[in-house]
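The values are calculated or read from the model by the stated rules, or taken from the named source; none is laboratory data. All figures in this text were calculated on a predicted structure; none of them were measured in a lab. Don't worry about glycine lacking a Cβ; one is built from the backbone with ideal geometry, like all the others, and counts go over all protein chains shown. We work out accessible area using only protein heavy atoms, side chains counted, and drop any ligands, DNA or RNA first. Shrake-Rupley method; radii C 1.70, N 1.55, O 1.52, S 1.80 Å.
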Amino acid sequence: MLFGRAKKNPIKLPDKEIVEWKYTTCGYCSTGCSIEVGVNAEGKGVSARGVGGADVNRGKLCIKGIYEFELFDSSGRGEQPLLRDKTFEPFRQVSWDAALDRTAAEIQRIQQHYGRDSFAILSTGQILTEEFYTLGKLARGVIGTNNYDGNTTLCMSSAVSGYKRSFGSDGPPGCYGDFEHTDCLIAFGSNLPEQHPIIYWRMREARERRKFPLIVVDPRVTMLAQFADLHLPITPGTDVVLLNALAHVILSEGLEDRVYIDAHTSGCADFRALVAQYDPVTASRICGIDADTIRNVARLYARAGAAMSIWTMGINQSTHGSDGVVGINNLNLITGNIGRPGGTSLSITGQCNAMGTREWSSCSGLPGYRYLESAHYREEVARFWGVDPEFFPNKRGLLMTDIFPAIETGQIKGLWVIATNPMTSMANTARIRKTLEKLEFLVVQDAYRDVETIEYAHAYLPAGLWAEKEGVMTNTERRVNLIRNVLTPHGDSRPDLWIFNQMAKRFAQGRQMRFPEAPSEVFDEMRELSRGRLVDISGMSHEKIEQQRGIQWPMRDGAETGSPRLYTDGVFQHADGKAKLIPLPFVDDNERPDEQFPFWLNSGRVVEHFHTRTRTGKIGNQNKFSPTPYMEMNPDAARALGIEHMSYARLVSRRGDAVALVQLTQRVGRDMVFIPFHFHECVNRLSLGLLDPHSRQPAFKQCAVRIERIEQQDAAAVINRAARTF
Ligand code: SF4
């Protein structure tokens, strides 16, 4: 008698008749996985696999990377430029010349009539670094608007601001390799297994080998919290209090690295005086973590041979986001955990090229981490580009979250939106809709024709997607990775670089400046501008980057490879070469639950989807596993309201309402609900999004709602209404 396998049909993998595997890098999250796309004889992308020799992912991919090749043929791709005179009229298909001429004419009309800064540009973390650099040159050197920013303000500006305040420059100092050396890891508001699965896998492998303690600080019992040695379910928005209390214990018990503090930091006396007020008992009443746990974590961290902190949106998306980052940096500075193997402050970034825009887009200044406020830098870049230095503003303009209120008040009349979807990603959807309707001219440049923001546009420019283009992106650990163009752009869509170059030709100043067409030539310009900077890439080329499967900056001319860590010599970017210890008084300034709205609303990601589902919403398997918005709710809280598992419930905030499918779980406490943020018809109808004063990043993760039982037959009508009224 035969048992088991012998009786079963063997598993057969379909032969996809792949004729070539083409090297590129995943275009979703900031992990930076090297990926090969299998192309068949007809030139179609039909499969994907991780690249074994790549240090980042060592052959692995998450579900998004595995199915990414399906994007090439996904529905909703833009094929032809579109124009219309008024919003809500039908679009008409036009030639590229017609679309670009009209867009350039509208920019010039608005600027002549209302002033240069009345036309704003909103960029992204998704396009390639050469494209960012070229857009920056166009925005700063040709169009000349100071109201130019990226959607990275929604996810990373607190990290940028915190790094600048502490170290004098942006730039994450550590790397994934630090997991292999650390003796203690704290993860603040970072659910790695769902947000960055491959970084999680790197961390887990290191932890299995070396058994270092993992401490997770998160209001929710996330997947990472379930694997932690210690979970600290902090009261939302109070990370600064916990961080001050950890520093209090370390300094009061003499556990600090005195030699490092004296040699490499400034401001210790003021810092010490401030944290003296945050003893563990006082802090526990605000942040909800008991005093003994605070003492225990502080001692564990300070006594570890090397200790590191990672964080994501749980820190950044708060009214104290920048302070939270500075607080983490303070903790690592007083324990001497910067620039050494296993000791770091590592912000895990969000989008695939959030770092590229920070380094080279000129959104927050000028390329290569140069400040607009410096006459020397303005002169240097102006000479390199061939423009008058007086053409540059001498300070940064509005950030993304301030551009929308400026449209409301009539200060901004025209907007160019590039690969971002504010109708879904911004807080308070109803307000954003009314804001976009006020624009005299809105042009949207995106790979997809069906993103919600296009409903309010006068012009649409179809752009190439991910590996339909060529260039580099920088990942979380400063690794510059290469994207080879696996396929040509869909329909008559064009690479973003081509679109920016064509736009430059439509301005007198742009015709006088050099705008190279080949990505490698643009990279050469960036290399020259990077010499001697912290972000020095002068030793890199596209070929070397591909050979080494990514290279970490800085890599100076003549070096064999890049540098895994910054500040290894303890010299920072402030004028005195020291890092700053900054006192962080806590002011409780966000919306909190009250009698009328008794629940915290927390939001986050699921592993299947990326951002506003512009892409993952088109992929069969991703939608199969995560088809609909849902709400995690505590069973006790649900019982009190008569709400059942897998029923629909209504959420109401001071901004609006939404309906979600209820999943009962102990992952959230009695006073909190959690909703994935990817779905247009849900979380941002409710969110408030107060802004951090330093970074202007919205507090997406903390606002107050009430929950109402809803008749199930009403739910479908409400969901349909929500979907229609974007
Ligand atoms: Fe792509 Fe991020 Fe998944 Fe890697 S972890 S395959 S970069 S989405």
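Given contacts defined as C-alpha pairs under 8 Å and at least six residues apart, what's the relative contact order of the stretch 173-347, whole-number percent? Over the stretch 173-347, the number comes to 33 percent.
Kirkwood hydrodynamic radius computed over the stretch 271-369 comes to 15.6 Å, based on all pairs of distinct alpha carbons.
With a Förster radius of 22 Å applied to the C-beta separation of Glu455 and Asp73, the computed FRET efficiency comes to 0.35. A Cβ-based charge dipole, computed about the Cα centre of the stretch 173-347 with Lys and Arg at +1 and Asp and Glu at -1, lands at about 280 debye. Quick note on the stretch 553-642: its Rg to Rh ratio, both from C-alpha atoms and Rh being the Kirkwood radius, is 1.20. Overall, the ratio between the Cα radius of gyration of the stretch 173-347 and 2.2 N^0.38 Å, rounded to two decimals, is 0.94. For Ala48, which sequence-distant residues (separation of 5 or more, or a different chain) have an amide H within less than 5 Å of its own amide H, given hydrogens modelled in the peptide plane? Residues meeting the amide H criterion: Gly38.
How large is the Kirkwood hydrodynamic radius of the stretch 599-724, counting all unique pairs of alpha carbons, in Å? Hydrodynamic radius (Kirkwood, Cα pairs) of the stretch 599-724 is 15.0 Å. Note that the stretch 46-199, at 20 °C in a medium of 1.002 mPa s, gets a Stokes-Einstein diffusion coefficient of 105 µm²/s from its Kirkwood radius over C-alpha pairs.
With each label modelled as a point 7 angstrom along the Cα→C-beta vector, the Arg84-Asp292 pair spans 6.5 nm.
Scaling the Cα radius of gyration of the stretch 538-603 by the globular reference 2.2 N^0.38 Å produces a ratio of 2.09. Net length available on complete extension from Lys16 to Tyr371 is 122.7 nm, with 0.36 nm assigned per residue and the Cα-Cα distance removed. Highest mean packing comes first when the peptides 252-261, 409-418 are listed by Cβ atoms within 10 Å, giving 409-418, 252-261. Placing a pseudo-label 7 Å from each Cα along the Cα-to-Cβ vector at Arg285 and Arg670 gives an inter-label distance of 2.2 nm.
Multiply the residue gap between Arg484 and Val259 by 0.36 nm, knock off their C-alpha separation, and tell me the result in nm, one decimal place.
Contour length minus the Cα-Cα distance gives 76.3 nm.
Each peptide in 123-133, 293-303, 105-115 was scored by the mean count of other Cβ atoms within 10 Å over its residues; highest first, the order is 123-133, 293-303, 105-115. Comparing Cα centroids, the stretch 543-570 and the stretch 437-454 end up 39 angstrom apart. Would you please give the FRET efficiency between Asp270 and Arg531, computed as 1/(1 + (r/R0)^6) with r the Cβ-Cβ distance and R0 = 56 Å, to the nearest 0.05? So, using R0 = 56 Å, E works out to roughly 0.95.
Near Val472, the amide H atoms lying under 5 Å from its own belong to Thr129, Glu130, Ile483; only residues 5 or more places off or on other chains count, and H is placed 1.01 Å from N.
Here the calculated FRET efficiency for Glu437 and Asp588, from their Cβ-Cβ distance with R0 = 25 Å, stands at 0.10, rounded to the nearest 0.05.
Working from label points 7 Å from Cα in the Cα-to-Cβ sense, the Glu543 to Glu708 distance is 6.7 nm. Taking a virtual spin label 7 Å from the Cα of Ala559 along the C-beta vector, which residues in the stretch 338-367 bring their backbone nitrogen under 16 Å of it? The answer is 339-341. Evaluating 6.51 cos²θ - 1.76 cosθ + 1.60 at θ = phi - 60° for every residue in the stretch 256-270, the Karplus couplings come out as 6, 8, 4, 4, 5, 4, 5, 7, 10, 10, 10, x, 5, 5, 5 Hz, glycine and proline recorded as x. Per residue and in cubic angstrom, what volume does the convex hull of the Cα atoms of the chain have? Hull volume normalised by residue count: 176 Å³. Of the solvent-accessible surface of the chain, computed with a 1.4 Å probe and all protein chains present, 48% belongs to carbon and sulfur. For the chain, the residue among Gly52, Pro405, Gln502 whose Cα projects farthest onto the positive side of the dipole built from Cβ charges is Gly52.
Annotation: peptides 16-27, 696-707, ranked by per-residue average of other Cβ atoms within 10 Å with the highest first, follow the order 696-707, 16-27. 3J(HN,Hα) couplings calculated from phi for the stretch 128-134 with the Karplus curve 6.51 cos²θ - 1.76 cosθ + 1.60 (θ = phi - 60°) are, in sequence order, 7, 5, 4, 6, 4, 4, 5 Hz; Gly and Pro show x. Rounded, prolate or oblate for the stretch 18-73? Axes are the square roots of the Cα gyration tensor eigenvalues, ordered a ≥ b ≥ c, and the cut-off for rounded is a/c under 1.5. Here the stretch 18-73 falls in the oblate category. Taking every Cα-Cα distance in the stretch 352-420 and sorting them into 5 Å bins starting at zero, the pair-distance distribution P(r) comes out as 4, 15, 20, 21, 18, 16, 6, 0 percent.
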